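Structure, as structure tokens:
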Amino acid sequence: MRHRSDQAASEPKTGVTRSRLMRIREENRNMILLATVMLCCGAVAGTLTLLEPVLGPAPEKPAAKQVDITAQTVRVVGAPFEPNVNPRAR
């Protein structure tokens, strides 16, 4: 047989075990999520900014080759395009 004090200890207490997240209203949850994501992204961006001198600048890419566009031939398939300058006349 259990003593009265044992029963009181095993019963859950209302309101004490609730976590802090349960108190956030449903209307505010999206704002809390947005703020959390912004803080995490800000922390990552700040860390990378601080580490940029250590990592050094990115190597320069070689310049793209110059292509002579007039040397290429273009093949047009279908009827030539004529813009409709008068929308009433089809």
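The values are calculated or read from the model by the stated rules, or taken from the named source; none is laboratory data. Bear in mind the structure is a predicted one, so any value in this text is a computation, not a measurement. Ligands, DNA and RNA are stripped out before the accessible areas are found, and what is left, the full protein with its side chains, is counted by its heavy atoms. Shrake-Rupley method; radii C 1.70, N 1.55, O 1.52, S 1.80 Å.
Placing ARG25, ARG88, ARG75 in order of accessible area, with the largest value first and a 1.4 Å probe, yields ARG88, ARG75, ARG25. Ligands, DNA and RNA aside, ILE69 has an accessible area near 130 Å² when probed at 1.4 Å.
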